[in-house]
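One structure below.
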Amino acid sequence: MNITINKSEGKLIVALCGDLDNAASTQAERGLAPAFDCTDCDIIIDCTELNYISSSGLRILLNIFKHTRSNGKKAILKGLKEDVKEVFKLCGFLQLFVVED
């Protein structure tokens, strides 16, 4: 699991690459710490290279959603692959996040 974080045009862009599974969740939480420090911008979660997400990964993204919402901002999912999108749909996450292609 690789995580890249950049700030651009007032948005924090988080790119996820690989599998966000139980084994990678601890590392991912540490890697995503800057997202929880961001209180003044929307967060774009780029899932273009995300191949798999487990319940542990969903929990992390749910925490990001709650954090951004509590600051009056949006969490935006971008580039979901069909398999990953189906997981988000089954869990009801597509109703929480703004989704962009």
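The values are calculated or read from the model by the stated rules, or taken from the named source; none is laboratory data. Computed from a predicted model, the values in this text were never measured in an experiment. Using ideal geometry, Cβ is built from the backbone for each residue, glycine included, and neighbour counts are taken over all protein chains shown. Just the protein is used for accessible areas: all its heavy atoms, side chains included, with ligands, DNA and RNA removed. Shrake-Rupley method; radii C 1.70, N 1.55, O 1.52, S 1.80 Å.
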Subject >> lysines whose Cα lies under 23 Å from that of Lys11, excluding same-chain neighbours fewer than 8 positions away >> reply: Lys66, Lys73, Lys74, Lys78, Lys81, Lys85
Subject >> Helical mean residue ellipticity (222 nm; -39500 (n - 2.57) per DSSP H run of 4+; nearest 500) of the chain >> reply: -12000 deg cm²/dmol
Subject >> Directionally averaged projected area (convex hull, Cα atoms, the chain), nm² >> reply: 5.5 nm²
**OP:** Could you size up the charge dipole of the chain around its Cα centre, putting +1 on the beta carbon of Lys and Arg and -1 on that of Asp and Glu, and report it in debye to the nearest 20?
**Re:** 360 debye
Original post:
Rounded to a whole number, what % of the accessible area of the range 42-101 do carbon and sulfur atoms account for, probe 1.4 Å?
Top reply: 47 percent
